[in-house]
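The values are calculated or read from the model by the stated rules, or taken from the named source; none is laboratory data. From a predicted model like this one, the values you see are computed outputs, not experimental measurements. The area values use the complete protein model at the heavy-atom level, side chains included, leaving out ligands, DNA and RNA. Shrake-Rupley method; radii C 1.70, N 1.55, O 1.52, S 1.80 Å.
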Amino acid sequence: FPSHDSLVYEVSDFRIEGQREWRIDKIDRLAGFSRASFDAASQMAVMATLVLASGLNRSVRWPFVAALTAGIFLTTSRTLLLGTFAALAGWMLLGATRLSFMRLMLLPMVWLPVLAVLIGLNLPGATNAVASFDRGGTASTSSFATRTENTWLDALSMVSDAGELALGLGVGGIGAAQKVFDPDSYVPPDNLFIYTFVSFGIMGSMLSFAGLTRAWFSALVRPYSVSYCILLPLVAVSGVTISAVENPFVGIGYRDWE
């Protein structure tokens, strides 16, 4: 994933990325007017969920959602594309039945970032299985292998003693804040669970995911909260390979339960 900055701000001694220009093989990862391609994709993914839950006429709603999905495809952000399809599946399931036990089928999605880490770290064959689907270009799966074999382990190694294991490193202990205050130790979390675990430890991360679980149960009994219900699958699926908390658009679905 070779990359270089096409727009950079320099403030005092800080160098801030304004827009990222990068590629998968020879395919450009389009950022539009956003900082990076995944930012553009997250905006379109959230917009698609809101349009799905809106009262717009079908003749307007579906072309709009199709156009947004096509835009996500052009950014080559595979996780957010899958997240959009998960949100669509959630919307269809919620609309197809009012039976609570059917709606509970989507609940495990909230915990996907946790399950992905457990599978990636405890079943080495999982990485090889994902790598076997690699077709190069936009179908490349090598980035997931990089996360499971390098990024996730580097991030988890930052938690070194019992106190940090229980309570984490605190806000700014990992992620974007490191780029500014501790650039030599910077590690991208690249997973919602790892971000919360390193920042807030076992207690904090479990509280976060328990809060998301409670939010799901609460949202199911509120007919006006369909848009939030379908944001949760988007957050869960995209949260497997992005922190979500630091993404201002996908983070809407993560923070609203508070």
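One decimal place: the segment Glu246-Leu207 gains 12.2 nm when fully extended, by the rule 0.36 nm per residue minus the C-alpha distance.
Can you bin the stretch 191-250 into rounded, prolate or oblate? Criterion: square roots of the alpha carbon gyration tensor eigenvalues sorted a ≥ b ≥ c, rounded for a/c under 1.5, prolate for a/b above b/c, oblate for the rest. The partial results should precede the final answer.
Numbers: a/c = 2.90, a/b = 1.52, b/c = 1.91.
Since a/c reaches 1.5 but b/c is at least a/b, the shape of the stretch 191-250 is classed as oblate.
So if each residue of separation counts as 0.36 nm, and I subtract the Cα-Cα distance between Ser157 and Trp62, what length gain in nm does that give? Full extension of this stretch gives 29.7 nm more.
Whenever you get a sec, line up Tyr195, Tyr186 from highest to lowest accessible area (probe 1.4 Å, protein heavy atoms). Numbers along the way, then the final one.
Numbers: Tyr195 25, Tyr186 80 Å².
The most accessible residue leads, giving Tyr186, Tyr195.
The accessible area of Trp91, taken with all protein chains in place and a 1.4 Å probe, comes to roughly 60 Å². Estimated at the nearest 10 Å², the accessible area of Leu118 is 90 Å² with a 1.4 Å probe. Legend: residues Lys26, Lys179, sorted from most to least accessible area (1.4 Å probe; ligands, DNA and RNA excluded), read Lys26, Lys179. Given a 1.4 Å probe and the protein chains as shown, Trp216 ends up with an accessible area of around 0 Å².
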